[in-house]
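Chemist: Below is the structure I would like to discuss, written out as structure tokens.
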Amino acid sequence: MSKERPVVTFLPDQLKIAVRPGTTLLDAAKRVHAGVRTRCGGVAGCLMCKVNVAPDQAGFLKEPTDAERYKLGPLLDAGARLSCQARVLADVAVTVPEDPLKAAIRKKLAEQEEDDWFL
């Protein structure tokens, strides 16, 4: 009897991957190059691997670990999860925040385009 694997969708890039139940979001993200950053190697030590989960998707992940609760605190209520700790139960979509360096570059380029437009 073959059971379908849950599919994780990483937004905004719409990257999808089928995984075994219990796979961490970080492991899934690495496999599709979803741009989830980490510095601690996936032990809930750095907070860099945060992703956002919509309230209607929260039940498709295992409950937050104690490490997640400790590290994220009230951010959990806003939908943040540590991808190194969050484990997949069913099809789920998560949003990967934009890399801060890329966001700064994008903002600077947009400002330059605006300045060029006025010339």
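Chemist: In degrees from 0 to 90, rounded to the nearest 10, what is the angle of the helix 100-118 Cα long axis to the longest principal axis of the chain?
Modeler: Approximately 30 degrees, to the nearest 10.
Chemist: Which cysteines in the chain lack any other cysteine whose Cβ sits under 4.7 Å from their own Cβ?
Modeler: Among the cysteines of the chain, those whose Cβ sits 4.7 Å or more from every other are C49, C84.
Chemist: Could you work out [θ]222 nm for the chain from helices alone, using -39500 (n - 2.57) per DSSP H run of at least four and dividing by all its residues? Round to the nearest 500 deg cm²/dmol. It would help to have the intermediate numbers written out before the result.
Modeler: Numbers: 3 runs with 34 residues, N = 119.
About -8500 deg cm²/dmol.
Chemist: For a bin width of 10 Å, list the pair-distance distribution of region 7-118 built from all Cα-Cα distances, rounded to whole %.
Modeler: In whole percents, the pair-distance histogram is 15, 44, 26, 10, 5, 0.
Chemist: Continuing with the same structure: Nearest-5 percent of antiparallel DSSP beta bridges in region 7-118?
Modeler: Details: 10 of 14 bridges.
Once the DSSP bridges in region 7-118 are tallied, antiparallel ones form about 70 percent.
Chemist: Which whole-number percent is the relative contact order of the chain (Cα, under 8 Å, 6+ apart)? Walk me through the intermediate numbers first.
Modeler: Details: 187 pairs, mean separation 38.6, N = 119.
Worked out over the chain, it gives 32 percent.
Chemist: A 28 angstrom limit on the alpha carbon distance is what I want to check against. Which of K62/K108; K50/K102; K30/K71 exceed it? Could you put the intermediate results ahead of the total?
Modeler: Values: K62/K108 39 Å; K50/K102 16 Å; K30/K71 22 Å.
Over 28 Å Cα-Cα: K62/K108.
Chemist: Report the extension gain between N52 and K107 in nm, rounded to one decimal, defined as 0.36 nm multiplied by the number of residues separating them, less their alpha carbon distance.
Modeler: Details: separation 55, 0.36 × 55 = 19.80 nm, distance 2.18 nm.
Extra length from N52 to K107 when fully extended: 17.6 nm.
Any read-out appearing in this document is the output of simple, stated calculations on the displayed coordinates, not a laboratory observation. Just so we're clear, the structure is a prediction, and the values are computed from it rather than from any experiment. Ideal geometry is used to build each Cβ from the backbone, glycine not excepted, and the neighbour counts take in all protein chains shown.
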